[in-house]
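**Q** Before we start, here is the structure in question, set down as structure tokens.
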Amino acid sequence: MSKLRLTLLGGFGLRDAAGTELRLPTRKAEALLAYLATASRQSHHRETLASLLWNAASEQAALASLRQALSLIGKACGREVLLTEGRSVALAPGAFEVDVSVLLAAASNTVDVARLDAVSLYRGEMLAGLAIGEPVFEDWLHGARARLREAAIHALTRLSAAQQ
């Protein structure tokens with residue numbers, strides 16, 4: 001399986017290993033992929049994902065919308081990137097290179113070159129311009145944005161201190 005590149009800083013972007021842009025047809029499919037790629041747990045219960053993005057809908061409608069969004073992700077990225085087992089969903093380990101993960105690893109590195117990489121990766125807020133009107137998702141996104149901003153500031157501060 002070729003690694004896909006998922007860019008979340010400064011907006012949503014998805015490319016295959018050759019650099020060809022891949023598109024997801026809905027904002028909620030983009031939001032779902034971003035959440036799966038960056039949330040701390042490897043595996044997520046379907047009900048949790050459904051309430052994250054379709055909280056106002058009935059449980060049955062929310063789960064149907066989740067199935068549709070997962071299908072859209074599978075069509076765009078390849079079905080092998082999704083791991084489904086019973087009521088759980090995860091992304092295949094190593095299927096994606098995610099700029100957020102690269103930034104967090106580089107920012108925590110003690111080498112100045114890595115910190116410089118972290119600072120250069122921060123091209124703007126995570127999922128800038130994405131608004132889906134779901135309070136639970138928006139709360140999660142707000143927290144993720146704050147953590148990433150802090151990581152970039154920390155890396156820049158440490159770089160600056162090293163230069164003095």
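The values are calculated or read from the model by the stated rules, or taken from the named source; none is laboratory data. Keep in mind that this is a model prediction, so the values were computed, not measured. Cβ coordinates were reconstructed from backbone atoms using ideal geometry, including for glycine residues, and neighbour counts include every protein chain displayed. Protein only, heavy atoms only, side chains kept; ligands, DNA and RNA dropped before computing areas. Shrake-Rupley method; radii C 1.70, N 1.55, O 1.52, S 1.80 Å.
**Q** What does the net charge come to around residue 7 if you take all other residues with beta carbon closer than 9 Å to its beta carbon, with K and R at +1 and D and E at -1?
**A** Around residue 7, the surrounding residues sum to +2.
**Q** Could you pull out which residues in the range 82-106 have an amide N less than 18 Å from a spot 7 Å beyond the Cα of residue 75, following the Cα-Cβ vector?
**A** Answer for this model: 82.
**Q** Right, here's the next one. Determine the gain in length on full extension of the stretch residue 67-residue 136; use 0.36 nm per residue of separation and subtract their C-alpha separation, reporting nm with one decimal.
**A** Result: 22.9 nm gained on full extension.
**Q** A further question follows. Mind listing the phi-derived Karplus ³J(HN,Hα) values for the range 77-94, rounded to whole Hz, using 6.51, -1.76 and 1.60 with θ = phi - 60°, and x for any glycine or proline?
**A** The phi angles translate into 9, x, 4, 5, 6, 9, 10, 10, 9, x, 9, 10, 9, 8, 8, 4, x, x Hz.
**Q** Rounded, prolate or oblate, given the Cα gyration tensor of the range 13-52, with a/c below 1.5 counting as rounded?
**A** oblate
**Q** Same structure again: To the nearest 20 debye, what is the magnitude of the charge dipole of the chain about its Cα centre, counting +1 on the Cβ of each Lys and Arg and -1 on the Cβ of each Asp and Glu?
**A** Rounded to the nearest 20 debye, it is 160 debye.
**Q** Please give me, ordered by residue number, the GluC sites (Glu not before Pro) of the range 23-111 that lie in loop per DSSP and have at most 14 other Cβ atoms within 10 Å.
**A** Sites meeting the loop and neighbour criteria: none at all.
**Q** Measuring from label point to label point, each 7 Å out along Cα→Cβ, what is the residue 3 to residue 145 span in nm?
**A** About 2.8 nm separates the two model spin labels.
**Q** While we're looking at this one, here's another question. In nm, what is the difference between 0.36 nm times the number of residues separating residue 84 and residue 128 and their Cα-Cα distance?
**A** So the extension gain works out to 13.0 nm.
**Q** Along Cα→Cβ, 7 Å out, is where each label goes; now give me the distance between the ones at residue 153 and residue 120 in nm to one decimal.
**A** 2.4 nm
**Q** Quick one: accessible surface of residue 158, probe radius 1.4 Å, all protein chains present, in square angstrom to the nearest 10.
**A** It works out to around 110 Å².
**Q** Using only DSSP helix segments of four residues or longer, with each worth -39500 (n - 2.57), what per-residue ellipticity at 222 nm results for the chain after dividing by its residue count and rounding to 500? Mind showing how you got there, number by number?
**A** Numbers: 6 runs with 87 residues, N = 164.
Computed mean residue ellipticity for the chain: -17000 deg cm²/dmol.
**Q** Let me ask something additional. Select from 20, 48, 38 the residue whose mean-square fluctuation is largest in a Gaussian network model of the chain (Cα-Cα springs shorter than 10 Å).
**A** Looking only at 20, 48, 38, the largest GNM fluctuation is found for 20.
**Q** Using the basic label-point model (7 angstrom from Cα toward the beta carbon), what is the residue 20 to residue 56 distance in nanometres?
**A** It works out to 3.8 nm between the two label points.
**Q** Under the classification rounded if a/c is under 1.5, otherwise prolate if a/b is larger than b/c and oblate if not, where does the range 9-80 fall, given a ≥ b ≥ c as square roots of the Cα gyration tensor eigenvalues? Don't jump to the answer; show the numbers that get you there.
**A** Values: a/c = 1.94, a/b = 1.71, b/c = 1.14.
Prolate shape, in that a/c is at least 1.5 and a/b is the bigger ratio.
**Q** Related question: So how far, in whole Å, is the C-alpha centre of the range 133-162 from the one of the range 48-101?
**A** 24 Å
**Q** Taking θ = phi - 60°, what integer Hz values does the Karplus form 6.51 cos²θ - 1.76 cosθ + 1.60 yield along the range 48-62, in sequence order, with x for Gly and Pro?
**A** Along the range 48-62, the couplings run 5, 5, 5, 6, 5, 10, 9, 5, 7, 7, 5, 4, 5, 5, 5 Hz.
**Q** OK, next. If ligands, DNA and RNA are left out, what is the accessible area of residue 96 with a 1.4 Å probe, given in Å² to the nearest 10?
**A** Approximately 30 Å² for this residue.
**Q** If you don't mind, another one. Amide H of residue 97: which non-local residues (sequence gap of 5 or more, or other chain) have their own amide H closer than 5 Å, using H built in the peptide plane?
**A** Sorted by chain and number, the residues that satisfy this are 4, 5, 6.
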